[in-house]
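**Student:** So that we are looking at the same thing, I have put the structure below in structure tokens.
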Amino acid sequence: ITSAVAFDILPLKLHPFSQSTPTGLDCVGWRQCISSPVIADGPLDKTALTDDVGSEEDLYEDFRSSNHRYGHPGGGGEQLAINELISDGSVVYAEALWDHVTMDDQELGFKAGDVIEVMDATNKEWWWGRILDSEGWFPASFVRLRVNQDEPMEDYPLKVEGGKEDDSISGTRRFGMGQTTKDQMRTNVINEIISTERDYIKHLKDICEGYIKQCRKRADMFTEEQLKTIFGNIEDIYRCQKKFVKALEKKFNKDHPHLSEVGSCFLEYQTEFQIYSEYCNNHPNACMELSRLTKVNKYVYFFEACRLLQKMIDISLDGFLLTPVQKICKYPLQLAELLKYTNPQHRDFKDVEAALNAMKNVARLINERKRRLENIDKIAQWQSSIEDWEGEDVLVRSSELIYSGELTKISHPQAKSQQRMFFLFDHQLVCCKKDLLRRDILYYKSRINMDDMEIVDVEDGKDKDFNLSVKNAFKLHCQDTEEVHLFCAKKPEQKQRWLKAFENERRQVQLDQETGFSITEVQKKQAMLNASKQHHTGKPKAVTRPYYDFLMRQKHPTLPTTLPQQQVFMLAEPKRKPSNFWQNISRLTPFRK
């Protein structure tokens, strides 16, 4: 969803449950139509999977010693195919999905959207490429091959003297290709959307039938709470995607794919796609739970047995569980490419344009919800640092700190003024007092319910309610109880920032109501429990990396359907001259984005 920086990614050793996996999960060149066998319903055969530690290991060894081959029959098929094209004299282009920032002169830096000529793909993790006059290594998982390799290179405008593009050449390049060529390009994108969607449905089915179904039969190994943590709401996603792919199939014109009108499908399901937010928010918890379970061999062999029985490719469970996160990120990329090859006169143009914006908003909403959930830990930590706290926890009603600062509060009936620190959250304003000696210590004093308050801008001069001369002032007024609070800022610009903050608070509350954003009781309790533990131990809590960095370390775009698909890429150093550059960079935290 967000571009990644190479400093953040390359030097880091990947967590065993943070590996990359493709969006479509068929093996390279392996398109079988036979249905995948599953463990039969009903009680488990005790000879196959028993409660004894090591029984799953026996089953696993049986599969390994047999003639079953469920891995990648094609091996490095993708790289071979790409290199065959290159050796035949074809020019292969890839489009950058993420920024690749580098200070190594052996590497090729680029920005998202740049077009790279791939010159060597023999190493599956690192490719050699060229942009204009620059050549170098770049991570293969940062790019996707162009669906339409024959597309004119609009990204490299020809220059003439004076630095301006030659209009005649540009016009020929942009408009010279016939309608048939553009139709073929649109056909390629439509076929990719349909193909990857079918692969994705198969993948979701394999998870639900190959893993979840078998785990539920082992109540001695998994509780329902554990399964909810590991798999999240992936079954809801599976049901949603089955309906979505049926809608796509109805709109797919098999005889003339370029005439397909698929934009309306994305518009119809944009609200349903918001269920991915819950899954993405839970994904780090799933990784942690899997990491804990797989320290026990019994679970390792059980998960592997499930994978083999379902005839799934050789990727660990955490890799399979990453694909829904990748899928929701990929829709805007596919729609942007589809719009690029859709003529404005096409009946699907307006729907595709609207669908692109809709799916960008879905991705933005997921990112925002993830950020909000990460904020609740910080809010809980903040509350635990406040002395003499009274009443309910902040998280009972709030999940976002909008603004904070120092104000003078004037209260009835004596019109006594007090310097206080105020923290504006959604739904409430918390008032604290600084310690006289240690100004970093805060004491809880009171709070105001913002849902009942009206903001009143007060002009400089004498205020009638308080019979005082005021400057840079505003009021909070409750119409139901006639309760009035008068506040004064030190400077006019501070007052304006507070007035803007109150507007933002109301806007945030309204947006949460419209989108249905909420925090579960379990999440609130867990955040407060973590903050309480930290407060008692006095140890600072490790700050987690932003979730988009985590995602970027896993991203693997699907290769176009014109080539053998779905080879798992992992970020690793290419075989080249040894260098201590990345080892040194990895220790320099200020470089992290």
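The values are calculated or read from the model by the stated rules, or taken from the named source; none is laboratory data. If you're wondering where the values come from, they're calculated on a predicted model, not measured in any experiment. Cβ: placed from backbone, ideal geometry, glycine included. Neighbour counts: every protein chain shown. All accessible areas refer to the heavy atoms of the entire protein, side chains included, with ligands and DNA or RNA removed. Shrake-Rupley method; radii C 1.70, N 1.55, O 1.52, S 1.80 Å.
**Student:** For the range 464-507, state the semi-axes of the equivalent ellipsoid (square roots of 5 times the eigenvalues of the alpha-carbon gyration tensor), sorted largest first and rounded to whole angstrom.
**Tutor:** 19, 17, 5
**Student:** Suppose all protein chains stay in the model; what accessible area per residue would a 1.4 Å probe give for the range 181-375, in Å²?
**Tutor:** Accessible area per residue: 39 Å².
**Student:** In addition: Mind pulling the per residue volume of the convex hull built on the Cα atoms of the range 181-375? Å³ is fine.
**Tutor:** For the range 181-375, the hull spanned by Cα atoms encloses 120 Å³ per residue.
**Student:** Separate question: Using a 1.4 angstrom probe, figure out how much accessible area the range 400-517 has per residue, in square angstrom, rounded to the nearest whole.
**Tutor:** That works out to 57 Å² per residue.
**Student:** Can you give the relative contact order of the range 75-145 as a percent, counting alpha carbon pairs under 8 Å and 6+ residues apart?
**Tutor:** Reported relative contact order: 32 percent.
**Student:** Give me the extension gain from Glu235 to Gln106: residue separation times 0.36 nm, minus the current Cα-Cα distance, reported in nm with one decimal. Mind showing how you got there, number by number?
**Tutor:** Numbers: separation 129, 0.36 × 129 = 46.44 nm, distance 4.52 nm.
Extra length available between Glu235 and Gln106 comes to 41.9 nm.
**Student:** In the structure displayed, which of Lys242/Lys298; Lys205/Lys250; Lys205/Lys246; Lys182/Lys360; Lys205/Lys370; Lys182/Lys246 lie more than 23 Å apart, Cα to Cα?
**Tutor:** Lys242/Lys298; Lys182/Lys360; Lys205/Lys370; Lys182/Lys246
**Student:** Give me the three principal axis extents of the range 75-145 from the C-alpha atoms, as integers in angstrom, largest value leading.
**Tutor:** 30, 24, 21
**Student:** Which FRET efficiency value, to the nearest 0.05, do you get for Arg439 and Lys202 by plugging their Cβ-Cβ distance into 1/(1 + (r/R0)^6) with R0 = 56 Å?
**Tutor:** 0.40
**Student:** Taking all protein chains together and a probe of 1.4 Å, list Ile201, Ile237, Ile455 from the most accessible to the least accessible.
**Tutor:** Ranking Ile201, Ile237, Ile455 by accessible area, largest first, yields Ile455, Ile201, Ile237.
**Student:** Now, a different point. Give me the net charge of Glu272's neighbourhood, meaning all other residues with Cβ under 11 Å from the Cβ of Glu272; Lys, Arg count +1, Asp, Glu -1.
**Tutor:** Net charge around Glu272: 0.
**Student:** Per the Cauchy relation, a quarter of the hull surface: what is the mean projected area of the convex hull of the alpha carbons in the range 365-516, in nm²?
**Tutor:** 10.1 nm²
**Student:** Determine the relative contact order of the range 363-464: mean sequence separation of Cα pairs under 8 Å and six or more apart, normalised by residue count, in whole percent.
**Tutor:** 20 percent
**Student:** At a 1.4 Å probe, what is the % contribution of carbon and sulfur to the accessible area of the range 326-380?
**Tutor:** Its accessible area is 52 percent carbon and sulfur atoms.
**Student:** Follow-up. Whenever you get a sec, compute what percent of the accessible area on the range 400-517 sits on carbon and sulfur atoms (1.4 Å probe).
**Tutor:** Taking all protein chains in place, the range 400-517 shows 46 percent carbon and sulfur surface.
**Student:** Sticking with this one: Can you flag which of Lys433/Lys533; Lys378/Lys464; Lys254/Lys330; Lys228/Lys330 are past 29 Å Cα-Cα? Mind dumping the intermediate values first?
**Tutor:** Details: Lys433/Lys533 25 Å; Lys378/Lys464 41 Å; Lys254/Lys330 23 Å; Lys228/Lys330 25 Å.
Result: Lys378/Lys464 exceed 29 Å.
**Student:** Counting pairs of Cα atoms in the range 442-487, how many percent are more than 15 Å apart?
**Tutor:** 48 percent
**Student:** Ordering Thr481, Thr229 by accessible area with a probe of 1.4 Å, largest first, what comes out? Can you show the working numbers first?
**Tutor:** Numbers: Thr481 90, Thr229 40 Å².
Ranking Thr481, Thr229 by accessible area, largest first, yields Thr481, Thr229.
**Student:** Just want to confirm a number: the relative contact order over the range 170-288, from Cα pairs under 8 angstrom separated by 6+ residues, in percent.
**Tutor:** With pairs under 8 Å counted, the relative contact order is 33 percent.
**Student:** Ok, one more. Could you please put Arg420, Arg198, Arg371 in sequence from largest to smallest accessible area, using a 1.4 Å probe?
**Tutor:** Greatest to least solvent exposure: Arg198, Arg371, Arg420.
**Student:** Continuing with the same structure: Which order do the peptides 377-384, 510-517 take when ranked by the mean count of other beta-carbon atoms within 10 Å per residue, highest first?
**Tutor:** The densest-packed peptide leads the list: 377-384, 510-517.
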